[in-house]
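Inspection log for the structure reproduced underneath, given as structure tokens.
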Amino acid sequence: MSDWMVTQSSAARRRPRALSPLREHLRDTFWFAPTAAMVSVFVVWLGAQALDTAVVEALQDEGDYDTLAELLRFAQDAKAVVSAVGSAMMTFIGVVFSVSLVAVQMASGQFTPRVVRLFVRSRITKATFAVFLATFVLTLLVLTAFDSVDDPRAVTTVPLLQSALTLCMVALSLLLFVLYVNTTLRLMRISHVIARIATESFRVAASMPVPTGGQDDAARLGSATAWVPHEGRAGVLRDVHIARLVRVARKHGVVLRLIPRIGDFVVPGTPVLAVHGGPAPSRGALRYTISVGVERTYHQDLGFGLRQLSDIALRALSPAINDPTTAVQALDRVVQFLAALGRRPLDAALHRDRGGAVRLVQPVPGWTELVDLGFTEVRGCAVGSPQVSRRMLAGLDDLLLLVPPERREPLLRHRDLLRQAVDRSEPSPSDRAFALHPDRQGIG
């Protein structure tokens with residue numbers, strides 16, 4: 001326990017590292033990695049072509065035409081291989097990714113549509129698609145480099161290194177294909193999907209700064225001296241550029257307070273930043289600090305993971321699917337995430353400058369809001385499913401042992417409401433007793 005407190009104390013003294021919104025936005029796109037791969041392979045091909053040309057010129061300068069003739073015969077054999085790879089690669093790409101997209105669509109219909117972003121953010125998926133396209137582009141470039149002249153004295157280039165590079169790309173493509181199939185199959189299994197959601201949620205929690213002073217610092221802000229309205233398009237507040245906002249606030253000697261929470265829907269004209277201690281910074285200084293999109297992201301959204309876990313549990317408990325075991329798996333991760341936040345200061349994340357002064361106050365969900373998000377909707381559907389009610393009661397009991405006394409009220413409320421709902425729905429005393437018996441496996 002003492003080691004943990006020392007770690008938290010040292011983390012509080014360090015300025016938290018603000019994650020780059022650009023990096024996170026690129027992870028949510030599918031075009032960047034393939035485009036970068038195709039540009040990179042073009043640059044590599046230019047270098048390989050220059051080396052092949054240099055080898056041919058060196059052999060011609062030495063008069064070693066016999067060796068050059070052997071290389072020409074080898075290049076003709078390599079051309080047949082490169083042509084076969086080029087003709088088959090694009091067909092292979094189309095078939096593989098068409099089948100994969102159908103599988104992901106089926107998974108999103110069974111779990112929740114938001115699991116599609118796990119597929120989009122998968123590094124293996126992007127790497128596989130990028131290498132496949134890069135291999136196809138490389139084969140086209142290499143085919144243009146083959147010289148139609150058979151005379152060793154007149155030939156200008158023999159694409160030996162380029163052909164070897166193509167074979168290496170094919171081997172890399174096959175390796176990534178195996179990894180891609182394995183990753184896609186894992187994404188179709190609900191246990192791995194839930195684990196990925198939990199991992200992303202813990203990453204968000206770890207990136208939040210540990211406040212020193214907490215609500216006292218936030219309370220000393222006083223009334224706002226200016227407001228900054230949202231001037232962009234309407235949409236979901238995806239994230240804010242924390243480092244840039246801290247720099248702007250420090251430069252102007254003010255404290256900025258984000259009004260909506262990450263994940264809120266904002267419309268043009270609504271205030272997004274409150275300024276404390278001075279006039280509002282200029283519009284140019286605040287450019288590219290607020291990111292609005294069409295859907296929520298994990299980047300700075302502490303409650304998004306719980307939202308997805310609740311959606312998965314609700315869909316599993318619907319009459320169309322009727323899969324209480326999946327709901328229990330989702331509750332396992334809900335309890336795990338709440339247990340990790342049980343003693344952590346919430347309600348506001350305070351971002352400081354290098355001098356230790358608070359420059360940005362970012363609202364985050366409080367403990368009661370997180371508990372309600374994790375349990376309210378699932379509790380309403382748990383009635384009639386003893387496996388889920390037993391698991392929920394066991395999770396609430398575990399959390400009651402882990403959290404401080406001042407945070408037990410919402411847990412006790414959900415436990416009492418669940419017991420009341422089961423009492424109303426189960427006429428038999430034995431069925432009520434069975435459904436209200438805490439069990440970490442639901443029905444172990």
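The values are calculated or read from the model by the stated rules, or taken from the named source; none is laboratory data. Since the structure is predicted, the reported quantities are computational estimates derived from the model, not experimental observations. Glycine gets a Cβ as well: all are built from the backbone with ideal geometry, and neighbour counts include every protein chain shown. Accessible surface areas use protein heavy atoms only, side chains included; no ligands, DNA or RNA. Shrake-Rupley method; radii C 1.70, N 1.55, O 1.52, S 1.80 Å.
Structure notes:
- Computed from point charges on the beta carbon alone (+1 for Lys and Arg, -1 for Asp and Glu), the dipole magnitude for the stretch 277-334 about its Cα centre is near 320 Debye.
- The amide H of Arg352, built 1.01 Å from its N in the peptide plane, has Arg359 as neighbours under 5 Å, considering only residues 5 or more places off or on other chains.
- 0 to 90° range, to nearest 10: angle between helix 386-402 axis and the chain longest Cα axis: 80
- With the charge dipole of the chain set up from +1 on Lys and Arg Cβ and -1 on Asp and Glu Cβ about the Cα centre, the Cα lying farthest toward the positive end among the listed residues Ser207, Ala249, Ala103 is that of Ala249.
- Taking the Cα centre of the chain as reference, the dipole from Cβ charges on Lys and Arg (+1) and Asp and Glu (-1) amounts to some 2220 debye.
- Cβ-defined net charge surrounding Leu118, 9 Å radius [Lys, Arg +1; Asp, Glu -1]: +3
- Relative packing of 128-134, 68-74, which averages over residues the other C-beta atoms within 10 Å, highest first: 128-134, 68-74
- The stretch 305-444, accessible surface, carbon-and-sulfur percent (1.4 angstrom probe): 51
- Spacing of the modelled spin labels on Ile443 and Trp227, each 7 Å from Cα toward Cβ, amounts to 5.5 nm.
- Cα-based helix-to-principal-axis angle, 304-316 vs the chain, degrees rounded to 10: 80
- Surface accessible to a 1.4 Å probe, per residue, for the residues of the chain, Å²: 48
- Between Lys79 and Arg189, the simple label model (points 7 Å from Cα in the Cβ direction) yields a spacing of 4.8 nm.
- Computed with a 1.4 Å probe over protein heavy atoms only, the accessible area of Ser108 comes to about 20 Å².
- Values of log10 I(q)/I(0), in the order q = 0.13 Å⁻¹, for the chain under a Debye, Cα-only, solvent-free model: -1.15
- Gaussian network model of the chain, springs between alpha carbon atoms under 10 Å - residue of Gln336, Gln300, Gln49 with greatest fluctuation: Gln49
- Karplus (6.51, -1.76, 1.60) ³J(HN,Hα), θ = phi - 60°, over the stretch 75-84, in Hz, Gly and Pro reported as x: 5, 5, 5, 5, 5, 5, 5, 4, 5, 5
- Charge dipole (the chain, unit charges on Cβ, about Cα centre) - positive-most of Ser318, Val155, Phe30: Ser318
- Helices in the chain, meaning DSSP H runs of at least 4 residues, each add -39500 (n - 2.57). Divided by all residues, the mean residue ellipticity at 222 nm is -21000 deg cm²/dmol.
- FRET efficiency, 1/(1 + (r/R0)^6) with R0 35 Å, evaluated for Phe434 and Arg343 via beta carbons: 0.55
- Zone of Asp397's modelled label, taken as backbone nitrogen in the stretch 406-444 under 11 Å from a point 7 Å along Cα→Cβ: 436-441
- Between the amide H of Asp239 and those of Ser291, distances stay under 5 Å, these residues lying 5 or more places away or on another chain, with hydrogens modeled in the peptide plane.
- For the stretch 124-262, the Kirkwood radius over C-alpha pairs fed into Stokes-Einstein at 37 °C and 0.692 mPa s yields D = 151 µm² per second.
- Between Val44 and Arg23, the modelled label-to-label distance comes to 2.4 nm, taking each label 7 Å out from Cα in the direction of the beta carbon.
- Residue-level accessible surface for Val137, protein heavy atoms, 1.4 Å, Å²: 30
- Length gained on full extension, Ala205 to Thr325, computed as 0.36 nm times the residue gap minus the Cα-Cα distance: 40.5 nm.
- The angle between the Cα long axis of helix 190-207 and the longest principal axis of the Cα atoms of the chain comes to about 80 degrees, rounded to the nearest 10.
- Sulfur and carbon atoms: percent of accessible area, the stretch 93-177 [1.4 Å]: 73
- Calculated FRET efficiency for the pair Ala36/Ala154, C-beta based, R₀ 35 Å, to 0.05: 0.40
- Electrostatic dipole magnitude of the stretch 187-308 [Cβ: Lys, Arg +1; Asp, Glu -1; Cα centre; debye, to 20]: 300
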